[in-house]
Amino acid sequence: MNRDDLFIDLALRTRLLTPSQIEECQKLRSLLGENAFQLSLPEVVIRKELLSPDQLRLINVSIRYEETRAEDLELGMFVVLKGFLPRDKMDDCLAAQEAPYKEGRHFPRLQDLLVQRNLLTPQQVHVILRAREQLDTRAVQTGERPGSSARIAIVQPALPPPPPPPPPSKPSADPKTLQAGVQLTGLKAVPRRSRLKDAAGADLAVMILDL
């Protein structure tokens with residue numbers, strides 16, 4: 001159900017608009033559309049001044065409330081469909097929303113319930129939301145049903161990979177090792193210290209490598 005359908009449904013159920021008024025607004029919207037004026041049904045209602053600003057605000061708030069519940073139902077279906085959680089556990093979480101939703105009170109969001117009940121970790125919820133967002137974006141581009149991609153395997157979501165271990169530090173040169181020399185096949189290198197004088201007559205400490 002799109003926003004216009006929700007608007008019509010709520011306006012009729014609350015008797016803020018009559019069926020004849022809705023029909024009149026729909027005809028006017030179609031007429032404007034033929035003349036390159038694309039308006040939503042609420043915009044037509046505003047221009048005809050059929051509702052006061054407060055009445056219109058109440059309907060818009062109700063629409064957002066219904067959309068929030070629909071988003072959680074779709075998320076629950078996605079989580080079960082992709083194998084992140086069994087259906088019975090998801091049904092329990094959605095049932096916790098049912099009573100406050102029907103009474104028009106605030107209800108906890110599904111992603112919060114999943115974490116609070118230790119069914120999923122915050123990292124897993126983050127992965128699921130990102131995956132669903134990417135699928136929905138691609139569905140808009142390709143015309144597919146959101147969340148219906150078969151490219152995601154039905155498995156438990158993997159957590160983000162741990163950071164790679166730091167590279168091993170290079171060992172510093174051990175003076176004892178240098179003094180002991182380097183023994184190779186047929187070759188021995190032994191360092192020794194010596195002192196020389198530079199052109200100005202100053203002492204210089206140097207290292208001589210005997211092969």
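Quick one: how many residues across the stretch 34-51 are in a loop (DSSP other than H, G, I, E, B) and not polar (S, T, N, Q)? Total satisfying the criteria: 6.
Residues of the stretch 1-31 that are part of a helix (DSSP H, G or I), surrounded by fewer than 14 Cβ atoms within 10 Å (Cβ to Cβ) and not small (Gly, Ala, Ser): ASP5, ARG13, PRO19, GLU23, LYS27, LEU31. Across the stretch 23-42, the qualifying residues are those that are at pLDDT 90 or above and of a type in the set (Asp, Glu), and the one among them that is farthest from the chain's Cα centre (by Cα) is GLU24.
Since PRO157 meets every condition but one in (1) more than 25 Å from GLU67 (Cβ to Cβ); (2) surrounded by 15 or more Cβ atoms within 10 Å (Cβ to Cβ); (3) at pLDDT 65 or above, which condition does it not meet? Just one mismatch for PRO157, condition (3). In this structure, LYS89 qualifies as of a type outside the set (A, V, I, L, M, F, W, C) and free of Cβ contacts under 8 Å to residues at least 40 places away in the same chain. Filtering the stretch 32-83 down to residues that are of a type in the set (Asp, Glu) and closer than 25 Å to ARG105 by Cβ, which residue is surrounded by the most Cβ atoms within 10 Å (Cβ to Cβ)? Here the answer is ASP72. Residue count for the stretch 116-128 satisfying the condition of being free of Cβ contacts under 8 Å to residues at least 24 places away in the same chain, assigned to a helix (DSSP H, G or I) and either open to solvent by 50 Å² or more (accessible area, probe 1.4 Å) or not hydrophobic (A, V, I, L, M, F, W, C) (or both): 3.
The values are calculated or read from the model by the stated rules, or taken from the named source; none is laboratory data. As the structure is a computational prediction, the values presented were derived from the model and not from experiment. Backbone-built Cβ (ideal geometry, glycine too); neighbour counts: all protein chains shown. Only protein heavy atoms, including side chains, enter the accessible area calculation; ligands, DNA and RNA are left aside. Shrake-Rupley method; radii C 1.70, N 1.55, O 1.52, S 1.80 Å.
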